[in-house]
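S.K.: Can you keep this structure in mind? I'll have questions shortly.
The values are calculated or read from the model by the stated rules, or taken from the named source; none is laboratory data. All figures in this text were calculated on a predicted structure; none of them were measured in a lab. Positions of Cβ are generated from backbone atoms using ideal geometry, with glycine treated the same way; all protein chains shown enter the neighbour counts.
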Amino acid sequence: MSADVVPVIDIGPFLSNSPAGRRSIPQAVARACEGIGFFTIVGHDVDPELIRASAGVARQFFDLPPNEKLLARSADAAVSRGYRGSGNEALAGTRAAETPPDLKEVFFLGPPDFPRDKYHGAPQARPYFIENAWPTSPAGFRTAVTAYYRAMEKLAADLMRIFAIALDFPELFFVDKTDRHISAMRIINYPEQTRAPLAGQLRASAHSDYGTLTILLGENQPGSLEVHTRSGQWMDVLIPPQSFVINIGDLMMRWTNDRWVSTLHRVVNPPEPVAARARRLSLVFFYYPNYDAEVACIPTCTDAANPPRYPPVKAGPYRSEKFAQADIKTTAP
């Protein structure tokens, strides 16, 4: 498989326990992860009506007047919950690059509910298990978005089973590392651009994701997702209907000792002739391990000729550091 192609993989045969699918799907996923680090999935069993409902209430929320959206802000501006307007983030900062703020507004969501036990209430858990800041409008937003989060949680767990087999481990290898995960979701509105961006300013500046995997529900609109291929080119990612784009994050790349690739990607600006009407909506689920999971090179990805390339890290602090690098210290809403 070319490292300059984002393949479309039907994971349905794996999910239905087809013997042939349980062999072929992990092999196809491994090739994609070793090549470009991105692939698109169909046959994922996520209810199309849930997808439509979640995208619909998300669009309605971003259509609200600014003062109504600001009511859904977190009481603590330092946490990634609720609404944050444009001007608060530059993802290129995670790569020590300086750019103007990214041209997007975001609704942040963490686990919709969680146990009130010692693990989830520990001091080191506080950055991750936080009450969400929900809007009161539109009606049904919380219900639809919570259901979508839970569907992505299940889909991510299914993908991790595929990953385990692809890496020559038992199917449930990652379960005890992700059973109390700290996954985050971002609902992102890239507004129409009624004035020219600043020099170097993009909808989302070039970055890699931080976790194990990312599940993107996007749109084929002008000013869309691009990935940086191994040949050094930026390439558009086309999204078939009812599909999700999957990419590998930094922690999975560390687990696999760079065998799997956490690829740079960005969201570019729409071309000027259509910029004033080229809005784009994305629902993005970032699957992270448990906050105390140690991410160290796994045995099938190292040998005497290929020693571990990274020191072990804890998943939670690694995520927190990346969030801080992307954040712009500002009083903007």
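S.K.: When both residues are 6+ apart or on different chains and their Cβ atoms are under 7 Å apart, which pairs have a first residue that lies in the range 76-96 and is under 17 Å from P112 (Cα atoms), and a second that is surrounded by fewer than 16 Cβ atoms within 10 Å (Cβ to Cβ)?
M.R.: Y83/L70
S.K.: Same structure again: Would you tally the residues in the range 12-41 being surrounded by 15 or more Cβ atoms within 10 Å (Cβ to Cβ), of a type in the set (A, V, I, L, M, F, W, C) and in a helix (DSSP H, G or I)?
M.R.: So the answer is 8.
S.K.: Let me ask something additional. Among E219, E192, which is the only one that is in contact (Cβ under 8 Å) with a residue 12 or more places away in the chain and over 20 Å from A151 (Cα atoms)? If you could, list the steps in order and put the result at the bottom.
M.R.: Working: E219 fails: over 20 Å from A151 (Cα atoms).
Exactly one of E219, E192 is in contact (Cβ under 8 Å) with a residue 12 or more places away in the chain and over 20 Å from A151 (Cα atoms), namely E192.
S.K.: Here is a list of conditions, (1) out of contact with any Ser or Thr (no Cβ under 7 Å at 6 or more places or on another chain); (2) farther than 25 Å from D76 by Cβ, and S320 meets all of them except one; can you say which number that is?
M.R.: Status for S320: all satisfied but (2).
S.K.: Okay, next question. Tally time: how many residues in the range 124-145 are among the β-branched types (V, I, T), buried (at least 17 other Cβ atoms within 10 Å of the Cβ) and out of contact with any Gly (no Cβ under 7 Å at 6 or more places or on another chain)? Walk me through how you get there before you give the answer.
M.R.: Taking the range 124-145 and keeping what is among the β-branched types (V, I, T), we get 130, 136, 143, 145.
Subset that is buried (at least 17 other Cβ atoms within 10 Å of the Cβ): 130, 145.
Now restrict to residues that are out of contact with any Gly (no Cβ under 7 Å at 6 or more places or on another chain): 145.
Residues meeting the conditions: 1.
S.K.: The conditions are (1) touching a residue at least 40 places away in the same chain (Cβ under 8 Å); (2) farther than 21 Å from A96 by Cβ, and P312 fails exactly one of them. Which is it?
M.R.: Answer for P312: the failing condition is (1).
S.K.: Just one of E49, E98, E68 is outside any loop (DSSP other than H, G, I, E, B), within 30 Å of P197 (Cβ to Cβ) and of a type in the set (D, E); which is it? Reasoning before the result, please.
M.R.: Values: E49 fails: within 30 Å of P197 (Cβ to Cβ); E98 fails: outside any loop (DSSP other than H, G, I, E, B).
Going through E49, E98, E68 in turn, just one is outside any loop (DSSP other than H, G, I, E, B), within 30 Å of P197 (Cβ to Cβ) and of a type in the set (D, E): E68.
S.K.: Can you work out which of the residues in the range 204-241 that are acidic (D, E) and in contact with an Asp or Glu (Cβ under 8 Å, 6 or more places away or on another chain) is farthest from E192 (Cα to Cα)? Please lay out each step first, then the result.
M.R.: Applying the first criterion (acidic (D, E)) to the range 204-241 yields 209, 219, 226, 236.
Restricting the remaining residues to those that are in contact with an Asp or Glu (Cβ under 8 Å, 6 or more places away or on another chain) gives 209, 226, 236.
On the way: D209: 25, E226: 18, D236: 19 Å.
Filtering first and then ranking leaves D209.
S.K.: Out of R254, R266, R319, I need the residue that is crowded, with 16+ Cβ neighbours inside 10 Å, in contact (Cβ under 8 Å) with a residue 60 or more places away in the chain and under 26 Å from D158 (Cβ atoms). Which one?
M.R.: Values: R254 fails: in contact (Cβ under 8 Å) with a residue 60 or more places away in the chain; R266 fails: under 26 Å from D158 (Cβ atoms).
Result of the check over R254, R266, R319: R319.
S.K.: Please go through (1) part of a helix (DSSP H, G or I); (2) more than 20 Å from A147 (Cβ to Cβ); (3) aliphatic (A, V, I, L, M); (4) modelled with pLDDT of 95 or more for A92 and return the number of the only condition it doesn't satisfy.
M.R.: A92 satisfies all of (1) part of a helix (DSSP H, G or I); (2) more than 20 Å from A147 (Cβ to Cβ); (3) aliphatic (A, V, I, L, M); (4) modelled with pLDDT of 95 or more except (4).
S.K.: Quick one: how many residues across the range 282-310 are surrounded by 16 or more Cβ atoms within 10 Å (Cβ to Cβ) and either out of contact with any strand residue (DSSP E or B) (no Cβ under 6 Å at 6 or more places or on another chain) or not hydrophobic (A, V, I, L, M, F, W, C) (or both)? It would help to see each step written out before you state the result.
M.R.: Step one: of the range 282-310, the residues surrounded by 16 or more Cβ atoms within 10 Å (Cβ to Cβ) are 282-293, 295, 297-298, 301-302.
Still in the running and either out of contact with any strand residue (DSSP E or B) (no Cβ under 6 Å at 6 or more places or on another chain) or not hydrophobic (A, V, I, L, M, F, W, C) (or both): 282, 287-293, 297-298, 301-302.
Selection size over the range 282-310: 12.
S.K.: So is M152 in contact with a Phe, Trp or Tyr (Cβ under 6 Å, 6 or more places away or on another chain) and not in a strand (DSSP E or B) or not?
M.R.: Yes: the conditions hold for M152.
S.K.: Can you work out which of the residues in the range 146-155 that are buried (at least 17 other Cβ atoms within 10 Å of the Cβ) and aliphatic (A, V, I, L, M) is farthest from Y287 (Cα to Cα)?
M.R.: Among those that are buried (at least 17 other Cβ atoms within 10 Å of the Cβ) and aliphatic (A, V, I, L, M), it is A151.
S.K.: Let me ask something else. Going through the range 298-313 one residue at a time, which ones are of a type in the set (D, E, K, R) and assigned to a strand (DSSP E or B)? Give the steps one after another, and end with the answer.
M.R.: In the first step, residues of the range 298-313 are kept if they are of a type in the set (D, E, K, R); the result is 303, 309.
Residue satisfying the conditions is D303 alone.
S.K.: State whether the residues of the range 168-176 include one that is surrounded by fewer than 20 Cβ atoms within 10 Å (Cβ to Cβ), of a type in the set (F, W, Y) and more than 30 Å from R279 (Cβ to Cβ).
M.R.: The first filter runs over the range 168-176 and keeps only residues surrounded by fewer than 20 Cβ atoms within 10 Å (Cβ to Cβ), leaving 168-173, 175-176.
So of that shortlist, the ones also of a type in the set (F, W, Y) come out as 169, 173.
Filter once more, so that each one left must be more than 30 Å from R279 (Cβ to Cβ): 169, 173.
Looking for residues that are surrounded by fewer than 20 Cβ atoms within 10 Å (Cβ to Cβ), of a type in the set (F, W, Y) and more than 30 Å from R279 (Cβ to Cβ), one finds at least one in the range 168-176, hence yes.
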